[in-house]
1. For the stretch 62-205, with only Lys/Arg (+1) and Asp/Glu (-1) charged at the beta-carbon, what is the dipole magnitude about the Cα centre, in debye rounded to 20?
2. Over all distinct alpha-carbon pairs, what is the Kirkwood Rh of the stretch 202-280 in angstrom?
3. Restricting to Cα pairs below 8 Å that are 6+ residues apart, what does the relative contact order work out to for the stretch 62-205? Please round to a whole percent.
4. When ranked by the protection proxy of mean other Cβ atoms within 10 Å per residue, highest first, what sequence do the peptides 332-339, 68-75, 161-168, 343-350 form?
5. Which value in deg cm²/dmol, rounded to the nearest 500, describes the helix-derived mean residue ellipticity at 222 nm for the chain, given -39,500 (n - 2.57) per DSSP H run of n ≥ 4 and division by the residue count?
6. Report the label-to-label distance for E113 and E235 in nanometres (one decimal), using points 7 Å from each Cα along the Cα→Cβ vector.
7. Counting alpha carbon pairs within less than 8 Å and at least 6 residues apart, what relative contact order, in whole percent, applies to the stretch 218-350?
8. Can you give the extra length, in nm with one decimal, that the chain gains between Y48 and N255 once fully stretched, where that is 0.36 nm per residue apart less the Cα-Cα distance?
Amino acid sequence: MQLRHLFIGLIASIAFGACGTDDAPPIEEPITIRSLTNLPYAPEAYTYKIPDHFQELPQPDSNIATVAGVELGRRLFYDPILSRDSSISCASCHLPASGFTDQLASSPGIIGEKTLRSSMSLANIAYQSSYFWDGRSATLEEQSLHPVEDPIEMDATWPEIEDRLRNSEKYNAGFRAAFGIENTGEIDRYLAAKAIAQFERAIISGNSRYDQITFELNGFFTQLEEDGRELFFTEPSLDHPGCAHCHNAPLFADNRFLNNGIDSSETLEGFSDLGRGAISGNPFDNGKFRSPSLRNIEVTGPYMHDGRFETLDEVLDHYASGGHYSPTIDPQVTGFPLSDYEREAMKAFLLTLTDTASLTIPELSDPG
């Protein structure tokens, strides 16, 4: 009896195994791990080109830039290989000629669906202490990971992107030269993010007419520009709140999250976009967004986190009006009288922040 039961069980297990083989998904062949030690690795420190009037550029100890690292990051930045269907790249939303924005209120991803917020300028991004409009990423390296797997943006997965990079001879050599890895299996998302971050830290803007006149004593403001400059940097008062408390020189940004009154709400929970509050969990952060840099503002419109203002005139009108009430509105957004002349003066000064040279730097452009 025991032998009979054992025989029946054996037949059943064989039959079950045979059925399972037909239904099981095909086993993918593992990617061959290849040695890269035959490729050159001779790291050379990269020197970022920082204007004399800027502070030292911060770099994490775990990702000190090298010439090969910045070049690898540049190639990854412009390569659509990072998207699911290889149709868009980082540069699709961050174009050099547009101040590393795309001049759109929201950006279309690979399926045509648009982002909820506009693409921020990457100029001087190394000086930020957190990233995205809501500050959700603490480091530039971490920030670089998100767009790849965002379903509205690149809609890929990092495992599939890692496989592509490991199977690319061009990138095999690039990762070896940048990080000294010994085999293709070491190529991963974290090294890719490090390289992109090294490149993005090289996006420096500090040679506008404002910089030349103020710090190099080369040239003079026109009377209209000078009057606009005085209005911009004026001490806050009932007549004018000043602009520099949120956009101070030389970066014209301050790394804070503020509610500038573009949306009204009677309650802390009434905002259509909670902004910083959705990340921090603090309801008193609701409706607050990063105070962006005004450098290259001439080419980085439309303005605000959702691109609602097409022109600088609309921006100035908003602030002059005092904005819309909400419980978290910044107390400096109080409204002020703005004559036609003052409007033109403010705009004239803001245009002196355009750094034309930074929009066409060859080493920051598409390597082709």
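None of the figures in this text is laboratory data; all of them are computed from the coordinates on show. Here the structure is a predicted model, which means the values were calculated and not measured. Cβ: placed from backbone, ideal geometry, glycine included. Neighbour counts: every protein chain shown.
1. Values: 13 positive and 20 negative charges, 80 e Å.
With only Lys, Arg, Asp and Glu charged at Cβ, the dipole is about 380 debye.
2. Working: mean 1/r = 0.0638 Å⁻¹.
The Cα-based Kirkwood calculation yields 15.7 Å.
3. On the way: 233 pairs, mean separation 47.0, N = 144.
Result for the stretch 62-205 is 33 percent.
4. Details: 332-339: 15.1, 68-75: 23.4, 161-168: 17.9, 343-350: 20.6.
So the peptides 332-339, 68-75, 161-168, 343-350, ranked by packing, come out 68-75, 343-350, 161-168, 332-339.
5. Numbers: 11 runs with 120 residues, N = 368.
The per-residue figure over the chain is -10000 deg cm²/dmol.
6. 5.2
7. RCO, the stretch 218-350: 33 percent.
8. Values: separation 207, 0.36 × 207 = 74.52 nm, distance 2.12 nm.
Length difference between fully extended and current span is 72.4 nm.
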